[in-house]
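Trainee: Pasting a structure below so you can have a look.
The values are calculated or read from the model by the stated rules, or taken from the named source; none is laboratory data. Here the structure is a predicted model, which is why all the values come from computation and not from measurement. Here the Cβ positions follow ideal geometry from the backbone for every residue, glycine too, while neighbour counts run over all protein chains shown. What goes into the accessible areas is simple: the full protein's heavy atoms, side chains included, and nothing from ligands, DNA or RNA. Shrake-Rupley method; radii C 1.70, N 1.55, O 1.52, S 1.80 Å.
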Amino acid sequence: MFNGFRIAMTWVHTWFGLVLGFVLMVCFFFGALSVFDREIDRWAIPETRFEPQPMPSFDRLLLPVLEQQLSPDEQEYAANMPKLHDAGKGPMTPRLELPVDEYWAYTTHRDPVLAAGGGFRVPHPKDPTLENHIHGRVTIDPRSGTVLRDDALKIGSDWFYPLHYKLQWEWKDLGYWIVGLAAFSMLAALVTGVIIHRKIFREFFTFRPWKQTQRSALDLHNMTGVVALPFHFFFSFTGLVIFASFFYFPLSHTLLKPLHDQHAVLEAQRAGLPYERAGVAVPMASVDAMVREAKRRWAARDMAGEVGFLTVTHVGDANSFVSIYRAGSDRVSLVGEGIHFKASTGEVQYEDPPRAAVSEINEFLTGLHLQHFEHWLLRWLYVLGGLLGAVCIATGFVFFVEKRKRQHAKMGGQGSRVVDALAVTTVTGMVIAAVGMLVANRLLPIDLPGKGDWEKWVFWAVWALTMAHAFWRSAPVAQGRLNPAWCEQCWALGVLAIAAVLLNWVTTGDHLIKTVFTDTYWAVAGVDLSLLGCALIAFWVGRKLMRPTTYEKNAVNRALALHE
Amino acid sequence: MNESLWLTAAVLFAVLGMGWLALSLRTHWQQVCPQQDLNPREGHLRASGACLLLLSAVCCFEADHPSMAVLVWVMILAMAAVVVAMTLSSHPGLLRSICPRAFIEDVHSQD
């Protein structure tokens with residue numbers, strides 16, 4: 001079929017890259033935005049614009065809130081309770097009468113608000129070996145213990161972030177599978193790309209914007225692919241690793257489930273942490289005292305730190321225990337160094353032992369991708385890596401179209417026209433949809449019922465519109481020319497990005513002079529400055545696209561000279 | 001020296017190191033110095049560029065926990081390479097200023 005290894009690799013690189021490249025664009029771009037998901041949340045939910053807080057007192061602040069204001073989620077109860085409850089053992093327990101079985105609280109160095117929640121026990125479960133919990137969660141202002149409205153859409157952490165790993169396509173977990181396939185094809189594209197790139201070192205720094213679009217697009221494709229090769233490889237690979245045990249190779253929940261369950265019981269026995277409730281009600285000792293002891297032990301190990309995650313298991317039972325995990329803000333691996341206390345007495349029951357080498361590597365790879373650490377330079381470098389990935393894929397599309405469009409024009413083919421329109425949709429269209437969502441967030445009234453759903457609809461509608469526009473304006477591509485939609489969408493993006501910054505000022509009073517100089521709040525200032533940067537780049541590119549390139553000017557001059 | 005100073009040094013060494021590595025390549029040297037009478041000492045530039053990149057790694061390890069430092073260094077290298085590539089494509093003359101005299105060979109002076 002192929003006359004040589006390199007040609008075969010070129011075929012794999014081109015077609016796998018093209019078909020799954022559209023998904024990879026979403027992964028890289030929204031992955032890059034997810035680096036600052038909490039900051040985007042602050043921009044989108046102005047009432048949460050205050051400084052990040054450490055974990056507050058559990059005894060005085062969290063416990064009263066959890067006891068009085070946490071309830072099982074209505075939708076989850078309606079969907080799961082009938083499946084979990086054994087009707088043969090009695091009627092279904094009403095939602096608000098379900099007994100609580102566990103509490104948790106989670107915060108990071110970037111979270112002003114605290115996420116907390118719990119699991120409520122199904123009293124008569126069909127299968128007692130399952131978790132049998134209906135969950136509930138609340139968002140708390142850790143300064144006062146006030147429960148904040150939880151219905152506002154966290155655009156960064158609940159929309160952009162999940163979009164990059166499941167495309168918000170939850171039916172049959174299809175989004176996870178498509179992204180997994182795309183990540184796998186990215187790894188294949190990287191390997192094949194290295195094989196087919198003949199002058200990888202000689203052209204390491206090469207970008208010639210003055211040459212023909214096809215050549216300069218290939219330069220940029222090679223350069224952005226090669227300089228950030230470790231980033232592209234590790235993020236595709238670790239993305240697969242993170243979901244491997246849940247979706248791609250869920251052995252512990254399928255083939256090896258009995259072994260997994262037995263291991264969990266033995267592990268609990270070894271650690272002395274009860275796997276089940278004793279059924280004897282016992283009050284809980286001071287959790288704050290346990291937190292102090294945990295911090296003392298971390299400091300003694302030369303790992304002083306704050307609490308990142310706290311859980312109470314089997315709440316109110318003689319077998320209840322409290323697990324306290326250190327926030328991993330100073331290292332790559334995720335939260336760890338867990339210390340477990342007997343809830344009724346407060347004595348230390350078990351300390352997590354040092355991890356085995358395999359577990360350590362897994363934690364590092366996972367942490368590398370999920371970036372819970374406090375390192376602003378590295379965060380920005382991750383954004384750069386994500387954007388370089390997006391540029392690499394986008395220039396791949398441009399190269400594909402430029403290489404074929406004249407030939408397709410001669411033959412009357414429409415292939416490059418379709419690819420070009422899809423490229424417009426996933427490059428400028430996707431950014432317009434994201435910025436359009438921020439504009440909608442500021443324009444829609446705060447008390448609009450289902451405001452978050454409206455924002456989601458705006459996102460999809462704007463994206464669909466950019467796609468319609470890209471196809472509508474794509475006729476010139478079939479004649480071997482540039483699609484004007486590229487230029488027009490750049491201008492639209494610039495206008496929308498500036499509108500978002502202005503609307504933030506008008507609706508909240510937080511303008512850049514205030515957020516940068518007089519009342520510094522970098523989360524919001526950073527989003528505003530990024531939007532302005534995005535607008536500047538969009539206008540600059542739009543202007544460039546309006547004018548013929550140097551190469552085209554030279555070609556015209558040559559043609560005129562020949563004519564004369 | 002505090003963390004941000006170490007990281008600033010790491011970025012500077014990486015950009016300089018990548019710049020020297022780029023200048024050690026004939027094509028880029030000609031972009032930067034179109035004059036025919038000046039040649040780069042390619043070996044010197046390559047070796048010194050590599051040393052600067054290693055120095056950049058040392059600064060990263062001084063600033064952070066090793067597991068973090070290795071990530072920071074790899075990403076700084078990527079950023080530095082992009083900075084050098086973009087400088088070469090838009091303002092190649094700027095790279096002339098980071099090339100020490102000792103790494104330039106004057107063809108006429110050898111005659």
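Trainee: Could you give every pair whose Cβ atoms fall below 6 Å, whose first residue belongs to segment A:382-400 and is under 9 Å from A:PHE231 (Cβ atoms), and whose second residue is surrounded by fewer than 24 Cβ atoms within 10 Å (Cβ to Cβ), counting only separations of at least 6 or pairs across chains?
Mentor: Hits for this filter: A:TYR382/A:VAL35; A:LEU384/B:MET79; A:GLY385/A:PHE231; A:GLY386/A:ALA32.
Residue-wise test of (1) over 25 Å from A:GLU306 (Cβ atoms); (2) within 20 Å of the chain's Cα centre (by Cα).
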{"residue": "A:PHE373", "(1), (2)": "no, yes"}
{"residue": "A:ARG379", "(1), (2)": "no, yes"}
{"residue": "A:ALA390", "(1), (2)": "yes, yes"}
{"residue": "A:THR395", "(1), (2)": "yes, no"}
{"residue": "A:PHE399", "(1), (2)": "yes, no"}
{"residue": "A:LYS405", "(1), (2)": "yes, no"}
{"residue": "A:MET411", "(1), (2)": "yes, no"}
{"residue": "A:ARG417", "(1), (2)": "yes, no"}
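Trainee: If you go through segment A:242-249 one residue at a time, do you hit one that is within 25 Å of A:TYR382 (Cα to Cα), in contact with a Pro (Cβ under 9 Å, 6 or more places away or on another chain) and more than 10 Å from chain B (Cβ to nearest Cβ)?
Mentor: Yes, segment A:242-249 contains a residue that is within 25 Å of A:TYR382 (Cα to Cα), in contact with a Pro (Cβ under 9 Å, 6 or more places away or on another chain) and more than 10 Å from chain B (Cβ to nearest Cβ).
Trainee: Next question, about the same structure. Quick check, is B:GLU3 of a type outside the set (S, T, N, Q), more than 12 Å from chain A (Cβ to nearest Cβ) and surrounded by fewer than 22 Cβ atoms within 10 Å (Cβ to Cβ)?
Mentor: no
Trainee: Here are A:LEU384, A:LEU370, A:LEU422, A:LEU378: which of them is at the interface with chain B (Cβ under 10 Å from one of its Cβ atoms) and open to solvent by 20 Å² or more (accessible area, probe 1.4 Å)?
Mentor: After ruling out the rest, the residue left standing is A:LEU384.
Trainee: Enumerate the pairs (first residue in segment A:344-370 and free of Cβ contacts under 8 Å to residues at least 40 places away in the same chain and part of a helix (DSSP H, G or I); second residue anywhere and of a type outside the set (S, T, N, Q) and open to solvent by 50 Å² or more (accessible area, probe 1.4 Å)) with beta-carbon separation below 7 Å, excluding pairs fewer than 6 apart on the same chain, so at least 6 apart or on different chains.
Mentor: Qualifying pairs under 7 Å: A:GLU363/A:ARG355.
Trainee: Oh, and also: Here are some residues: B:ASP37, B:ASP64, B:ASP106. Which one is within 14 Å of chain A (Cβ to nearest Cβ) and over 15 Å from the mean Cα position of the chain (by Cα)?
Mentor: Within the list B:ASP37, B:ASP64, B:ASP106, the selection yields B:ASP64.
Trainee: Hey, another quick one. Check whether at least one residue in segment A:390-403 is at negative phi, open to solvent by 50 Å² or more (accessible area, probe 1.4 Å) and within 14 Å of chain B (Cβ to nearest Cβ), and report yes or no.
Mentor: Yes, that holds for at least one residue.
Trainee: Where in segment A:143-239 are there helices (runs of 4 or more DSSP H), lying fully within it, with 2 or more residues that are touching a residue at least 24 places away in the same chain (Cβ under 8 Å), within 14 Å of chain B (Cβ to nearest Cβ) and within 27 Å of B:THR87 (Cα to Cα)?
Mentor: Correct list: A:213-227.
Trainee: Same structure again: Do we have A:THR93 as open to solvent by less than 40 Å² (accessible area, probe 1.4 Å) and over 25 Å from A:TYR275 (Cα atoms) here?
Mentor: When the stated conditions are applied, A:THR93 does not pass them.
Trainee: Specify which of the listed residues (A:TRP505, A:TRP522, A:TRP460) is touching a His at 6+ places or on another chain (Cβ under 7 Å) and open to solvent by 50 Å² or more (accessible area, probe 1.4 Å).
Mentor: Just a single option satisfies the conditions, and that option is A:TRP505.
Trainee: Could I ask something else about it? Mind checking which residues of segment A:324-356 are more than 17 Å from A:THR107 (Cβ to Cβ), of a type in the set (Gly, Ala, Ser) and within 14 Å of chain B (Cβ to nearest Cβ)?
Mentor: A:SER333
Trainee: Restricting the search to segment A:274-290, which residues are modelled with pLDDT under 90 and crowded, with 18+ Cβ neighbours inside 10 Å?
Mentor: A:PRO274
Trainee: Still on this model: What tally of residues in segment A:130-187 results from selecting those that are of a type outside the set (Asp, Glu), touching a strand residue (DSSP E or B) at 6+ places or on another chain (Cβ under 9 Å) and over 24 Å from A:MET437 (Cα atoms)?
Mentor: 11
Trainee: Mind checking which residues of segment B:44-66 are under 18 Å from B:TRP29 (Cβ atoms) and free of Cβ contacts under 8 Å to residues at least 12 places away in the same chain?
Mentor: Within segment B:44-66, just B:ALA47 meets the criteria.
Trainee: Scan segment B:84-105 residue by residue and report those that are crowded, with 17+ Cβ neighbours inside 10 Å and out of contact with any Phe, Trp or Tyr (no Cβ under 8 Å at 6 or more places or on another chain).
Mentor: B:THR87, B:PRO92, B:LEU95, B:ILE104
Trainee: Looking only at segment A:188-218, count every residue that is closer than 27 Å to A:HIS164 by Cα and surrounded by 16 or more Cβ atoms within 10 Å (Cβ to Cβ) and tell me the total.
Mentor: 7
Trainee: Do we find that B:ALA85 is facing chain A (nearest Cβ under 7 Å), in contact (Cβ under 8 Å) with a residue 60 or more places away in the chain, among the aliphatic types (A, V, I, L, M) and assigned to a helix (DSSP H, G or I) in this structure?
Mentor: For B:ALA85, the condition - facing chain A (nearest Cβ under 7 Å), in contact (Cβ under 8 Å) with a residue 60 or more places away in the chain, among the aliphatic types (A, V, I, L, M) and assigned to a helix (DSSP H, G or I) - is met.
Trainee: Exactly one of (1) in contact with a Gly (Cβ under 6 Å, 6 or more places away or on another chain); (2) open to solvent by 30 Å² or more (accessible area, probe 1.4 Å) is unmet by A:ASP41. Its number?
Mentor: Result: A:ASP41 passes all but (2).
Trainee: Could you look through segment A:1-30, keep only residues that are open to solvent by less than 30 Å² (accessible area, probe 1.4 Å) and farther than 17 Å from A:ALA421 by Cα, and pick out the one that is nearest to the chain's Cα centre (by Cα)?
Mentor: A:PHE30
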